[in-house]
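The values are calculated or read from the model by the stated rules, or taken from the named source; none is laboratory data. In this text, all values refer to a predicted model and were calculated from it rather than measured experimentally. Backbone-built Cβ (ideal geometry, glycine too); neighbour counts: all protein chains shown. Quick note on the areas: whole protein, heavy atoms, side chains included, nothing else; ligands and nucleic acids left out. Shrake-Rupley method; radii C 1.70, N 1.55, O 1.52, S 1.80 Å.
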Amino acid sequence: NKTAILKSVDNTYFYDDNLICEYNVQYTLFGHNGDQDINETKFNKSLLDATKIEHIYLYRFIPGKKIKEYIWYGKYEILSSFEQIHVGKDRLPRNIIILNLKKLSD
């Protein structure tokens, strides 16, 4: 159905998502350790292929011990991407790829 549903998880130190302004968010591509790769086949490659993905939705997960919260952000489009240095799950520095997403609707 050419749809991707992205999940941003609060307090995930090895990603650098920024959801402060829901109309223009930054979402980190998949990959826990080592440099991220846009050609990673499980998630990244298809997400960035406009012939495979036409609809992108985003939600936020806020983990808690007793109450877990889910916030629906809505539909987005990819505006651009950039790389930066950030720690991995193994706490070693690596290159991550961040997408700039623009909100289209709820």
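Contact order normalised by length for the chain, with contacts defined as Cα pairs under 8 Å and 6 or more residues apart; what percent is it? Let's see the in-between values first.
On the way: 225 pairs, mean separation 37.1, N = 106.
Value for the chain: 35 percent.
What residues of region 83-97 lie in the reach of a label at Lys45, counting those whose backbone N is under 20 Å from a point 7 Å from the Cα along Cα→Cβ?
Of the residues in region 83-97, 96-97 have backbone N under 20 Å from the label point off Lys45.
Please go through region 23-86 and write out the trypsin sites (Lys or Arg not before Pro) that DSSP classes as loop and that have at most 13 other C-beta atoms within 10 Å. Mind dumping the intermediate values first?
Numbers: sites: Lys42, Lys45, Lys52, Arg60, Lys65, Lys66, Lys68, Lys75; in loops: Lys42, Lys52, Lys65, Lys66, Lys68.
Within region 23-86, the qualifying trypsin sites (Lys or Arg not before Pro) (loop, at most 13 other Cβ atoms within 10 Å) are Lys42, Lys52, Lys65, Lys66, Lys68.
What are the aspartates and glutamates whose alpha-carbon lies under 15 Å from the alpha-carbon of Lys65, with same-chain residues fewer than 8 places away excluded?
The qualifying aspartates and glutamates are Asp10.
Taking all protein chains in place and a 1.4 Å probe, what share, in percent, of the accessible surface of the chain do carbon and sulfur account for?
Working: 3550 of 6840 Å².
Here it works out to 52 percent.
In debye, nearest 20, what is the charge dipole magnitude of the chain about its Cα centre with +1 on Lys and Arg Cβ and -1 on Asp and Glu Cβ, if you could check? Don't jump to the answer; show the numbers that get you there.
Values: 15 positive and 14 negative charges, 81 e Å.
I would put it at about 380 debye.
I'd like the accessible area for Leu47, computed on protein heavy atoms only with a 1.4 Å probe and all protein chains in place. Round to 10 Å², please.
20 Å²
Do any GluC sites (Glu not before Pro) in region 33-85 lie in a loop, going by DSSP, with at most 16 other beta-carbon atoms within 10 Å of their beta carbon, and if so which?
Values: sites: Glu40, Glu54, Glu69, Glu77, Glu83; in loops: Glu40, Glu54.
Hits after loop and neighbour filter: Glu40, Glu54.
So what is the accessible area of region 42-106 per residue, in Å², with the probe set to 1.4 Å? Each step should come with its number before you reach the end.
Values: 4310 Å² over 65 residues.
Value for region 42-106: 66 Å² per residue.
Pulled fully out, how much extra length does the chain show between Ile53 and Thr12, if you take 0.36 nm times their separation in residues and subtract their Cα-Cα distance? Don't skip to the answer; put the middle values down first.
Details: separation 41, 0.36 × 41 = 14.76 nm, distance 2.52 nm.
Stretched out fully, the Ile53 to Thr12 stretch lengthens by 12.2 nm.
Which of the three applies to the chain, rounded, prolate or oblate, going by the alpha-carbon gyration tensor with a ≥ b ≥ c and a/c under 1.5 meaning rounded? Mind showing how you got there, number by number?
Numbers: a/c = 1.64, a/b = 1.06, b/c = 1.55.
Because a/c hits 1.5 or more and a/b fails to exceed b/c, the chain counts as oblate.
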